[in-house]
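The values are calculated or read from the model by the stated rules, or taken from the named source; none is laboratory data. This structure is a prediction, so every number in the text was calculated from the model and none was measured. Heads up, the Cβs are rebuilt from the backbone with ideal geometry, glycines too, and the neighbour counts pull from every protein chain shown.
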Amino acid sequence: MLSLTAVCRRGLRVSRARPDSDSHTHSASSRTGRQRWQTRPEPVLDDRQRFADGLKAENFRVFEDKVEQKLSVFRREDLPVSMGLVIDNSGSMRDKRPRVNEAAITLVQASNPHDEAFVVNFNDDFYLDLDKDFTNSVAELKEALERIDSRGSTALYDAIIGSLDHLKKASKDKHVLLIVTDGEDNTSHNSLERTIREIQKTDTVIYTIGLLSQESKKSAKKAKRALEDIARASGGVAYFPENVEDVHNICQQVAHDIRNQYTLAYYPTNARRDGTFRAVTVAVIPPRGRGKLIARTRNGYYAPSESSAAGN
């Protein structure tokens, strides 16, 4: 069944994912033998970007590769999440980090009290800056965020893939990454294309924040496109504030998105385990008297393959 929604230092070095590895993460239903795709819940928004409350199952139509699917689950829920705070620690972030750290803590404080989180600081490499895999302690997260030595370059793609790998240890079913950076990736071993593919193999929703106002026009354009592609592939959102002070309000909006969501689930009519990409679209039929509504969800997923199924 597939589910989607209509939203050395003291740190421990995270194992670097090598470009030639092919870890394939997905959810599967062992009881039925049919693959189960699980994306994270995403909000349904009106034309003013407000959450659309009060919808029912009959207001949604889900298509996989243009074939309509039968919904088996419909819920609105505020589920706890496992969340990664993935923060750029390159030299150019030195003056921005205090405000960014405060905003990241705002996100945690405004989220479900049963959430668990981890912190990854990245520059030339990336580090899990907690003494444990996850915590729900604000004090421990603050300490991890403050373990900074802003220097070096920006290995954004490596940090994302490493964070996705770390989320395999999570205790919650719902996974979120918040990524904050002020420039384009310039040192990763992994490409943007591979990063997108790895995102599409998981159920993680990614929110990206690009502080690009001090970048050159060419560099900012490239970074913006990459952050948009990363967010879009996961069903998340990319934000580009003019000032670092705006990150606080963005983090409050992200917390609101995470806690106001619909979950839809279905068993795919195409049960083949062929490892192919399946395009998914969600259409929202607004109730009478309401304007256009849009479900913000990921654009598809990779089906499991026979080889990955045998390894499970």
Within the range 179-195, work out how many residues are surrounded by 18 or more Cβ atoms within 10 Å (Cβ to Cβ) and either more than 19 Å from A233 (Cα to Cα) or over 11 Å from the mean Cα position of the chain (by Cα) (or both).
11
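Only one residue in V176, V138, V86, V108 is closer than 25 Å to N260 by Cβ and over 19 Å from the mean Cα position of the chain (by Cα), so which one is that? Can you show your working first?
Working: V176 fails: over 19 Å from the mean Cα position of the chain (by Cα); V86 fails: over 19 Å from the mean Cα position of the chain (by Cα); V108 fails: over 19 Å from the mean Cα position of the chain (by Cα).
Result of the check over V176, V138, V86, V108: V138.
How do the helices (runs of 4 or more DSSP H) wholly within the range 211-312 filter down when requiring 1 or more residues that are outside the structural domain of L45 (by TED's automatic domain parsing), within 27 Å of P80 (Cβ to Cβ) and in contact with a Ser or Thr (Cβ under 6 Å, 6 or more places away or on another chain): which remain?
On the way: elements: 217-234, 247-259, 306-311.
Filter on the range 211-312 gives 217-234, 247-259.
Going through T204, T181, T195 one at a time, which residue ends up being of a type in the set (S, T, N, Q), at pLDDT 95 or above and touching a Gly at 6+ places or on another chain (Cβ under 9 Å)?
T181
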Answer yes if at least one residue in the range 210-227 is surrounded by fewer than 18 Cβ atoms within 10 Å (Cβ to Cβ), more than 18 Å from the chain's Cα centre (by Cα) and within 27 Å of I105 (Cβ to Cβ), and no otherwise.
yes
All conditions in (1) of a type outside the set (A, V, I, L, M); (2) at pLDDT 95 or above; (3) surrounded by fewer than 15 Cβ atoms within 10 Å (Cβ to Cβ) are true of Y239 except (3)
Out of everything in the range 38-59 that is under 26 Å from K168 (Cα atoms) and either of a type in the set (A, V, I, L, M) or in a strand (DSSP E or B) (or both), what residue ends up being modelled with the lowest pLDDT?
Q38
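State which residue is nearest to E77 (Cα to Cα) when the search covers only the range 105-146 and only residues that are among the hydroxyl-bearing types (S, T, Y) and buried (at least 21 other Cβ atoms within 10 Å of the Cβ).
Here is the first cut: in the range 105-146, the residues among the hydroxyl-bearing types (S, T, Y) are 106, 111, 127, 135, 137.
Now drop any that are not buried (at least 21 other Cβ atoms within 10 Å of the Cβ), which leaves 111, 127.
Numbers: S111: 13, Y127: 32 Å.
Checking each candidate, the answer is S111.
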